[in-house]
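All remarks here apply to the structure that follows.
Taken together, the values in this text are just the output of simple stated rules run on the coordinates, not laboratory data. Values in this document were obtained by computation on a predicted structure and should not be read as measured data. Don't worry about glycine lacking a Cβ; one is built from the backbone with ideal geometry, like all the others, and counts go over all protein chains shown.
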Amino acid sequence: MGIWNRNNRACSTTWTTLRVLDQNDKVFKDSGTVRMSELTYWNQIADADIRKVQAAALANQMDNVFRQIRRAEYEDGITRAKAVGDMVNTLTNKEKTISDLAEIIDANYLFWGEEKDE
């Protein structure tokens, strides 16, 4: 499980975005350990192909929220395809947690108030 800290912009933005998209209704402190299989989009009876399509739709929505509403930018060398693909890979692994998702998001996006690594 990744680092889950309300002072980490990727963690707080991941949490609020999942709340706004009705994927998770837990308070911040209880959300880091929530597994992908517990998110609303996860359909227990869906096969892997359907789950990947659903995860891609959610990842695209999250990317839009991050960039268009939260004014995030991609980290140097990161493309939209990579950022969304990394989210899809995490979202389709039922054992991964929201904290793990936030860690992937942190690696791909530069959020407001964060400084670029030099």
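Couple of notes before you dig in:
- 5 angstrom amide H check on LEU110, placed H, neighbours 5+ away: GLU73, TYR74, GLU75
- With a cut-off of 14 Å on the backbone N, the residues of segment 12-47 near the modelled label site 7 Å out from TRP112 along Cα-Cβ are 12-14, 16-17.
- Here the Karplus relation 6.51 cos²θ - 1.76 cosθ + 1.60, evaluated at θ = phi - 60°, turns the backbone of segment 60-69 into coupling constants of 5, 4, 5, 4, 4, 4, 4, 7, 8, 9 Hz, with x for every Gly and Pro.
- Segment ASP25-THR79, extension gain: residue separation times 0.36 nm, minus the distance between their alpha carbons: 16.5 nm
- Peptide ranges 61-68, 27-34, 102-109, 72-79 listed from the most packed, as the mean C-beta count within 10 angstrom indicates: 102-109, 61-68, 27-34, 72-79
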